[in-house]
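As C-alpha cells, the structure follows; a few thoughts come after it.
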Amino acid sequence: MSADAGRTGLGEAAPARGGAPLDPPGFSLSPAWRRRLSTLVWGVVSVGLFAGIWEGLWALGYADPLLLPPPHLFLADIPGTLQFFDRSNRVGSVATGGGVGALLITMAWTTMRVVVGLALGFACGVAVGATIHYVKFLRNLLLPTILLLAPISPVAWLPVAIFVFGIGDVPAIFLVFITVFFAIVLSTGAQIESVPKNYIHVARIMGASQRQTFWKVILPAILPSLFMTLRLNLFAAWMVVLIAETVGVGTGLGQITSMARSTFNAKLVFFTMAIIGLLGFLSDFALRQVQRRMLWWIAPNQGGAR
Amino acid sequence: MTRPAVSIQSVSKRWTPEGRAPVQALSDLTFDVAPGEFIVLLGPSGCGKSTLLYMIAGLEEVSGGRIACDGEPVTEPSAERGLIFQEASLFPWLTIADNVAFGLSVQHVQPVRRREIAVEMLKRVGLGDMLDKKPDELSGGMRQRAACARALAMRPKVLMMDEPFAALDVQTRARMQDFLLQIWRDSGASILLVTHSIDEAISLADRVVVFTARPGRVKTIVPIDLPRPRESRDPRYHAYRDMFAELLADEVDRAFAEQEAV
Ligand SMILES: Nc1ncnc2c1ncn2[C@@H]1O[C@H](COP(=O)(O)OP(=O)(O)OP(=O)(O)O)[C@@H](O)[C@H]1O
Ligand SMILES: [Mg+2]
C-alpha cells in the first residue's frame, strides 16, 4: 500500500516537472487543468481523424451519400432530420416535426428508462445478493435458479417482458433491470466473501452488531467492486434499451432508428447513432463522477476492494 | 495478590478445518498477565500465538480450558480487549479521524464528542495533523500508530498486538517501540505482544513467554530484569539474547523435524 502511495505521488509530480520549461512566461495551468485540456485535445483529434477519413472516402466517391452520408451531410440537415422526432411519448404517434425540443424529449425518455432500470437493478441486486448470502435456506432455494437465469441474454427476456407488462415503458426498464440484476446478485455474494477478515474482526471487537457491521463495514467494502460491475454493464444496458424500444415500447431513440431503417433514411440513422453514442459516453462520464464523489477512497478505474 | 488482568488456564485449541485433518494448535497453556504488565509472546512459526490472541479477544472459542479477563470468563469480543493486527486494518473509506472514532460511533457516542476523543488520541500517537487524511496517504508506521489510536480510544484494559511492527523497516521499528512503551505507561493497560524478533522481546517485555513448536505449550517464562530504556550494549542484554536464541533454535529444529517426518 505504501508503494501505491509513492506511485500516485510520482504520477502527479512528473507532468508538472516535465511541463514546466515549456510554459510560455505568464501563462501556466494547474496540472489538473492541463490533464483535462490534453484529454479534450486528444478527444477532438481522435474523432476528427475518424470523421476526416469518412469525409475523404465520400470525397473520393467511395462512400455513397445515400447509404453512408458523411458527418457534414447528416449534421447539415438537422432541421429536416428533427421532424421525425415527436414531443409526446405516445406509441405510434406520427412525427409532429417537433424540432430540438422533441429531440431532447426523446433523449430524456430513453435515458430515463436506462437510469431507472440500472438503479432498480443495482439496489435489488445488492439486496437479493446479500439476503441469499446470509440466509442459508434462501440461498439453497434460490441460487440454482439464479445461476440458470443469469446467462440468458436480456434480449431473450423481451417477449416475456411484453407478455407480462404489455407495450410501454415497463418492458424497456425491465430489460435494463435484467441486464445488471443477475450480475450484481452474483457479485455481491462473492464480494462479501472476500471482505478482509480483519475488517470484520475490528467491527466485532468494537462491539458492532451484525446490522452495524453490514451497513458500516461490509457495504462500504463491497460497493466499489459492485459499482465497477454496474459500469461494465452500462453499455449493455444502452444496447438493450434500444432493442426494447424498437419492439416493446414504440417510442424513444430505438424506435426512431427502427423507423429510419424501414424508411431507408440514412441521414436519420447516422444522426440517431451519433446521439446514442453521445448519451452512452455522457452516462459513463456521469457514473464516473458519481464514483468519484461517493466512493472517493478508490482511485478511478480501480474497482477491487482493498 | 491482585486479580490478574488475563488468566489463561489449561487452554487448548484444536482447529477442525472442513475437509482437512484437524490441527492441534495449542495444548494445556497456563499463565497469568498482571494488570499493567507487558508480556511478549515468542515462539516458532505456527505454534499458535495468533490463535491465542484471537481467543483472548473473544474472536475464537477455546477447545478446552478457561480464559478470564478481570475474573470474567471471555465469551465474546469486547472493546476492553483491543487487538492490533500485523497490517493496519484501517477502513479505507473513512478518514483517519473517523477510523479512530469508529468504535465510538458504533456505541452511539455523539459526533462532537467522538471527534474530540479521536483528535486527542491521534495527538497522543503523534498524528495530530493527519486527521482528515485517507489511510492510503499514510506510511506503514503511521498507519500502525493510527490503529493504536483506534484501539486506545476504547480505553482497553488489555491491548493485544500480533506482530504489529513486522512489516516496518528497522529504524521505524525502533521508533515504534519507544512510542509503544510511552503509550503503555500512559494508558496503564496490560499488553500482550507477539513478535519473531528476540531484540524486540528484550527491549519491551516485563516477561517473555516462550512457546514450544506446535502444539504450542509454554516452554518457559523469562522475566527481563533490566531497567528501561534498555541498552543493547549491556552485557546482560547479550546474555538474554543468547538464551532466547538457544531456546528458539531447539523449537525451530523440532518444528522442522516434525515437518520432514510428515
Ligand atoms: N482459521 C484456521 N483454521 C484452521 N487452522 C488454523 C486457523 N488459524 C490457524 N490455524 C492453524 O493453527 C496453527 C497455529 O496458527 P497461528 O496462526 O496461531 O500460529 P502463529 O504462532 O501465529 O504463527 P506465525 O508466527 O507464523 O504467525 C497453524 O498450524 C495454523 O495452520
Ligand atoms: Mg501469527
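Quick grid of which residues meet (1) away from chain A (no Cβ under 14 Å); (2) farther than 26 Å from B:Ser10 by Cα; (3) among the acidic types (Asp, Glu):
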site: B:Met142; (1), (2), (3): no, yes, no
site: B:Met154; (1), (2), (3): no, yes, no
site: B:Met161; (1), (2), (3): no, no, no
site: B:Asp169; (1), (2), (3): no, yes, yes
site: B:Arg173; (1), (2), (3): yes, yes, no
site: B:Leu181; (1), (2), (3): yes, yes, no
site: B:Trp184; (1), (2), (3): yes, yes, no
site: B:Glu200; (1), (2), (3): yes, yes, yes
site: B:Val210; (1), (2), (3): yes, no, no
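Within segment B:54-86, track down each residue that is surrounded by 17 or more Cβ atoms within 10 Å (Cβ to Cβ), within 16 Å of ligand 2 (Cβ to nearest atom) and either closer than 23 Å to B:Met142 by Cα or among the polar types (S, T, N, Q) (or both).
B:Leu83, B:Ile84, B:Phe85 - these are the residues of segment B:54-86 that are surrounded by 17 or more Cβ atoms within 10 Å (Cβ to Cβ), within 16 Å of ligand 2 (Cβ to nearest atom) and either closer than 23 Å to B:Met142 by Cα or among the polar types (S, T, N, Q) (or both).
Criterion first (of a type in the set (S, T, N, Q), within 16 Å of ligand 2 (Cβ to nearest atom), closer than 30 Å to A:Trp297 by Cα and modelled with pLDDT under 90) does B:Ser89 satisfy it?
Against the criterion (of a type in the set (S, T, N, Q), within 16 Å of ligand 2 (Cβ to nearest atom), closer than 30 Å to A:Trp297 by Cα and modelled with pLDDT under 90), B:Ser89 qualifies.
For segment B:77-90, how many residues are under 23 Å from B:Ala167 (Cα atoms), in a loop (DSSP other than H, G, I, E, B) and in contact with a helix residue (DSSP H, G or I) (Cβ under 6 Å, 6 or more places away or on another chain)?
Counting residues in segment B:77-90 that are under 23 Å from B:Ala167 (Cα atoms), in a loop (DSSP other than H, G, I, E, B) and in contact with a helix residue (DSSP H, G or I) (Cβ under 6 Å, 6 or more places away or on another chain) gives 4.
To keep it simple, each residue is scored yes or no on (1) within 22 Å of B:Asp28 (Cβ to Cβ); (2) within 16 Å of ligand 2 (Cβ to nearest atom); (3) loosely packed, with under 15 Cβ neighbours inside 10 Å.
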site	(1), (2), (3)
B:Val209	yes, yes, no
B:Thr212	yes, yes, no
B:Ile221	yes, no, yes
B:Asp225	no, no, yes
B:Arg228	no, no, yes
B:Arg233	no, no, yes
B:Tyr237	no, no, no
B:Arg241	no, no, no
B:Phe244	no, no, no
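Go through (1) assigned to a loop (DSSP other than H, G, I, E, B); (2) modelled with pLDDT under 85; (3) not polar (S, T, N, Q) and name the single condition A:Pro21 misses.
Here A:Pro21 clears every test but (1).
Every residue in segment B:108-151 that is modelled with pLDDT under 90 and either in the same structural domain as B:Glu200 (by TED's automatic domain parsing) or of a type in the set (Val, Ile, Thr) (or both), please.
The one that is modelled with pLDDT under 90 and either in the same structural domain as B:Glu200 (by TED's automatic domain parsing) or of a type in the set (Val, Ile, Thr) (or both): B:Val125.
List every residue pair whose Cβ atoms lie under 6 Å apart, where the two residues are 6 or more positions apart in sequence or sit on different chains, the first residue falls within segment B:35-53 and is more than 10 Å from ligand 2 (Cβ to nearest atom), and the second residue, located anywhere, is of a type in the set (D, E, K, R) and in a helix (DSSP H, G or I).
Hits for this filter: B:Pro44/B:Glu251.
Is at least one residue of segment B:94-114 within 10 Å of another protein chain (Cβ to nearest Cβ), within 16 Å of ligand 2 (Cβ to nearest atom) and buried (at least 21 other Cβ atoms within 10 Å of the Cβ)?
no
Considering only segment B:1-76, give the strands (runs of 3 or more DSSP E) lying wholly within it that have at least 2 residues that are within 10 Å of ligand 1 (Cβ to nearest atom) and outside the structural domain of B:Pro164 (by TED's automatic domain parsing).
The strands (runs of 3 or more DSSP E) meeting that bar are B:6-15, B:23-33.
Go through segment B:43-81 and count every residue that is within 14 Å of another protein chain (Cβ to nearest Cβ) and farther than 19 Å from B:Val209 by Cβ. Lay out the reasoning, then the answer.
Filtering segment B:43-81 down to residues within 14 Å of another protein chain (Cβ to nearest Cβ) leaves B:50-51, B:53-61, B:69, B:74-81.
Narrowing the set further to residues that are farther than 19 Å from B:Val209 by Cβ leaves B:58-59, B:61, B:75-80.
Residues meeting the conditions: 9.
Here are some conditions: (1) over 30 Å from B:Leu247 (Cα atoms); (2) part of a loop (DSSP other than H, G, I, E, B); (3) not polar (S, T, N, Q). B:Val112 meets all but one. Which one does it not meet?
(2)
Restricting the search to segment B:13-34, which residues are more than 16 Å from ligand 2 (Cβ to nearest atom), within 18 Å of B:Leu192 (Cβ to Cβ) and in contact (Cβ under 8 Å) with a residue 60 or more places away in the chain?
Across segment B:13-34, the qualifying residues are B:Thr30, B:Phe31, B:Val33, B:Ala34.
For residues that are surrounded by 13 or more Cβ atoms within 10 Å (Cβ to Cβ), hydrophobic (A, V, I, L, M, F, W, C) and at pLDDT 60 or above, tally how many sit in segment A:91-103.
So in segment A:91-103, the residues surrounded by 13 or more Cβ atoms within 10 Å (Cβ to Cβ) come out as A:95-99, A:102-103.
When the remaining residues are screened for being hydrophobic (A, V, I, L, M, F, W, C), the result is A:95, A:102-103.
Narrowing further to those that are at pLDDT 60 or above: A:102-103.
Counting residues in segment A:91-103 that are surrounded by 13 or more Cβ atoms within 10 Å (Cβ to Cβ), hydrophobic (A, V, I, L, M, F, W, C) and at pLDDT 60 or above gives 2.
The values are calculated or read from the model by the stated rules, or taken from the named source; none is laboratory data. Bear in mind the structure is a predicted one, so any value in this text is a computation, not a measurement. Positions of Cβ are generated from backbone atoms using ideal geometry, with glycine treated the same way; all protein chains shown enter the neighbour counts.
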